[in-house]
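The values are calculated or read from the model by the stated rules, or taken from the named source; none is laboratory data. Just so you know, these numbers come straight off a predicted model, no measurement behind them. With ideal geometry, Cβ positions are generated from the backbone for all residues, glycine too; neighbour counts draw on all protein chains shown.
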Amino acid sequence: MTILTACRTSEVLLATWSEFDLDNKVWTISGERMKACRPHRVPLSNAVLQLLEGLDGREGYLFPGAREGKPLSNMAMTMVMRKAGHPNLTVHGFRSTFRDWAAEETHYANIVAEQALAHVIGNAAEAAYRRGDLLEKRRALMADWAIFCHHPARRERHTDEEHHRRLTVPGKAGRQLRQRLPALTTPQPKELRNG
């Protein structure tokens with residue numbers, strides 16, 4: 001889920017079922033849990049929804065720890081990477097890979113990718129006037145990211161030839177992701193793809 005949502009480790013590990021609106025495909029993280037102290041809405045791709053369907057329970061933490069009422073440890077994801085034979089990779093590196101992919105392989109505006117990462121707008125004047133969170137544009141971005149993660153060569157969702165060409169050119173971000181996690185490049189069932 002961390003990879004597919006491009007969220008921070010703590011945001012995912014502390015996620016509770018009450019934060020999810022599965023009917024509207026949105027996860028709302030409260031400002032208290034966000035680095036920028038502002039609420040953040042995360043659009044959920046079909047791949048994330050399918051992942052959520054496979055989890056046990058529907059209350060408390062999505063990823064409960066061994067101790068009652070506690071989430072998984074913040075070292076859990078790092079340990080998974082080590083056990084998978086990738087001790088040199090960091091979980092935060094997935095956010096970086098997402099950002100590289102969005103910049104190098106897609107047509108999405110910089111601000112859409114930055115909003116997906118819940119980054120604060122650095123320009124005070126722009127921040128004062130930008131009131132929306134670009135949820136629907138981010139929804140399309142995250143749907144494309146899910147397709148890329150599950151099968152980088154498949155781009156059936158796009159009809160615009162130039163857009164399609166730019167997405168299928170294997171850039172640095174794509175090579176990094178495919179080299180690091182070969183399991184993500186296996187073909188997935190059609191129900192994982194938005195469209």
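Name every residue in region 1-50 that is of a type in the set (Gly, Ala, Ser) and surrounded by fewer than 16 Cβ atoms within 10 Å (Cβ to Cβ), in order of residue number.
Hits for region 1-50 are 10, 18, 30, 31, 36.
If I ask for residues that are more than 22 Å from residue 49 (Cβ to Cβ), surrounded by 13 or more Cβ atoms within 10 Å (Cβ to Cβ) and not small (Gly, Ala, Ser), which ones from region 59-80 would you list?
78
Please go through (1) surrounded by 13 or more Cβ atoms within 10 Å (Cβ to Cβ); (2) at pLDDT 90 or above for residue 83 and return the number of the only condition it doesn't satisfy.
All conditions are met except number (1).
Please find, within region 84-111, the residue that is nearest to residue 65 (Cα to Cα) out of those that are aliphatic (A, V, I, L, M) and outside any helix (DSSP H, G or I).
The extreme case among them is 91.
Among the residues of region 87-96, are any surrounded by fewer than 17 Cβ atoms within 10 Å (Cβ to Cβ) and among the aliphatic types (A, V, I, L, M)?
No, every residue in region 87-96 fails to be surrounded by fewer than 17 Cβ atoms within 10 Å (Cβ to Cβ) and among the aliphatic types (A, V, I, L, M).
Can you find a residue that is crowded, with 19+ Cβ neighbours inside 10 Å, under 21 Å from residue 51 (Cα atoms) and modelled with pLDDT of 90 or more anywhere in region 164-177?
So far as region 164-177 goes, no, none of its residues is crowded, with 19+ Cβ neighbours inside 10 Å, under 21 Å from residue 51 (Cα atoms) and modelled with pLDDT of 90 or more.
Identify all residues within region 1-16 that are of a type in the set (Val, Ile, Thr) and under 14 Å from the mean Cα position of the chain (by Cα); write none if there are none.
Passing the criteria: 2, 3, 5, 9, 12.
Name every residue in region 13-28 that is without any contact (Cβ under 8 Å) to a residue 60 or more places away in the chain, under 28 Å from residue 79 (Cα atoms) and of a type in the set (A, V, I, L, M), in order of residue number.
14, 15
Scan 59, 68, 32, 19 and give me the residue that is under 17 Å from the mean Cα position of the chain (by Cα) and among the charged types (D, E, K, R).
19
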